[in-house]
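Participant: Take this structure, written in structure tokens, and hold onto it; I'll ask about it next.
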Amino acid sequence: MNIQAYLKETRKIIGVGPNFKAFRAQKGITHEEDPFLFIKSPQSLTVETDIYLPPQLTEFICEVEMAVIIGQEARNIAEEDVASIVAGYAIANDITASAHFDTGRFKMFDQMTPIGQMVSNADPHQVDLEMWVNGNLIQKDNTVNLLFSSNWLISHISRMTTLCKGDIILTGTPSNPMTCQIGDVVEMKSPQLGNHHFTIHKEL
């Protein structure tokens, strides 16, 4: 399915902090009551295979994730009804400007959410995700290993804010996200969602 029609309507991207069980263990996170959430701007989205990051970014972490694209407006939706408001799923990368954690700008830059094409018939609870950088396998996991499932997350988020058509939920990254550099080639692979790649450039 063509994701572009939905991206034109995206109002917000909501990301989830460490959610894969192995990544949480890697970071020593033990609480399981409530996920860490953050918001990115629609301008961070790109389907291009060349991305251009601002020159002030000296360090950035690449993280493969499953993105959920919302297909219709929803508020206070029950977990068992979430599938009815989902347009589809896509492979994506949640790039983090690691040098800007202290300033709060670590998720704010343009082109920091590369995303692939949308698949409407995937089972979100059985999606394989891999990230390769310069030909080397860096991350690998399956969404069955998420602590908070995508359906639970969407229901949970809808109790805080209205979800609109085109909104995107990033569901979390596997362990071992990688600090990347200008010139790196990042490949995201999934048998269920398809593949997408991008090369990182410095914005002129």
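Participant: Which of (1) buried (at least 16 other Cβ atoms within 10 Å of the Cβ); (2) part of a loop (DSSP other than H, G, I, E, B); (3) in contact with a Leu (Cβ under 9 Å, 6 or more places away or on another chain) is the odd one out, the single condition residue 175 does not satisfy?
Facilitator: (3)
Participant: A further question on this structure: Residue check: is residue 80 within 24 Å of residue 128 (Cα to Cα), part of a loop (DSSP other than H, G, I, E, B) and either under 18 Å from the mean Cα position of the chain (by Cα) or at pLDDT 95 or above (or both)?
Facilitator: no
Participant: I've got another one for you. Could you list, in sequence order, the residues of the range 123-137 that are of a type in the set (A, V, I, L, M) and crowded, with 20+ Cβ neighbours inside 10 Å?
Facilitator: 127, 129, 131
Participant: Within the range 58-80, how many residues turn out to be over 15 Å from residue 94 (Cα atoms) and out of contact with any strand residue (DSSP E or B) (no Cβ under 6 Å at 6 or more places or on another chain)?
Facilitator: Here the count works out to 9.
Participant: Can you confirm whether the range 190-197 contains a residue that is under 16 Å from the mean Cα position of the chain (by Cα), part of a loop (DSSP other than H, G, I, E, B), in contact (Cβ under 8 Å) with a residue 12 or more places away in the chain and exposed (fewer than 15 other Cβ atoms within 10 Å of the Cβ)?
Facilitator: yes
Participant: Here's something else I'd like to know. Check whether at least one residue in the range 174-181 is at pLDDT below 95 and among the polar types (S, T, N, Q), and report yes or no.
Facilitator: Yes, there is a match, as at least one residue in the range 174-181 is at pLDDT below 95 and among the polar types (S, T, N, Q).
Participant: Could you tell me which of the residues 157, 200 is outside any loop (DSSP other than H, G, I, E, B), touching a residue at least 12 places away in the same chain (Cβ under 8 Å) and surrounded by 22 or more Cβ atoms within 10 Å (Cβ to Cβ)?
Facilitator: 200
Participant: Can you tell me which residue in the range 31-73 is surrounded by the fewest Cβ atoms within 10 Å (Cβ to Cβ), limited to those that are assigned to a loop (DSSP other than H, G, I, E, B) and of a type in the set (A, V, I, L, M)?
Facilitator: The selected residue is 47.
Participant: Could you tell me whether the range 84-105 includes any residue that is closer than 22 Å to residue 22 by Cα, in a strand (DSSP E or B), of a type in the set (S, T, N, Q) and more than 13 Å from the chain's Cα centre (by Cα)?
Facilitator: no
The values are calculated or read from the model by the stated rules, or taken from the named source; none is laboratory data. Note that the coordinates shown come from a computational prediction; the quantities given were computed from them, not determined experimentally. Glycine also receives a Cβ, built like all others from the backbone with ideal geometry; neighbour counts cover every protein chain displayed.
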